[in-house]
1. Could you look through segment 22-45, keep only residues that are part of a loop (DSSP other than H, G, I, E, B) and exposed (fewer than 10 other Cβ atoms within 10 Å of the Cβ), and pick out the one that is farthest from the chain's Cα centre (by Cα)?
2. Considering segment 1-21 alone, what residues qualify as being under 13 Å from the mean Cα position of the chain (by Cα) and assigned to a helix (DSSP H, G or I)?
3. May I ask you to verify whether residue 27 is modelled with pLDDT under 75 and out of contact with any strand residue (DSSP E or B) (no Cβ under 9 Å at 6 or more places or on another chain)?
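The values are calculated or read from the model by the stated rules, or taken from the named source; none is laboratory data. Since we're looking at a predicted model, the values are computed, not measured. As a convention, Cβ positions derive from the backbone with ideal geometry for all residues, glycine included, and neighbour counts pool all protein chains shown.
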């Protein structure tokens, strides 16, 4: 999969019993990419996004 700024992600199957998939990054600069484009995972019943620092 391609992400922002040309970063390539390689998805991996989730651990047994988990629903959230993991991905390995094929390039540097992951922290900057997450700061710019990342957001927390939330349930659909939560009305608004929470900051990652919460």
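1. From segment 22-45, those part of a loop (DSSP other than H, G, I, E, B) are 26-29, 38-45; that's our starting set.
Narrowing the set further to residues that are exposed (fewer than 10 other Cβ atoms within 10 Å of the Cβ) leaves 28, 41, 43-45.
Values: 28: 15, 41: 8, 43: 15, 44: 17, 45: 20 Å.
Top of the filtered list is 45.
2. Scanning segment 1-21 gives a single hit, 4.
3. Working: modelled with pLDDT under 75: yes; out of contact with any strand residue (DSSP E or B) (no Cβ under 9 Å at 6 or more places or on another chain): no.
In short, no.
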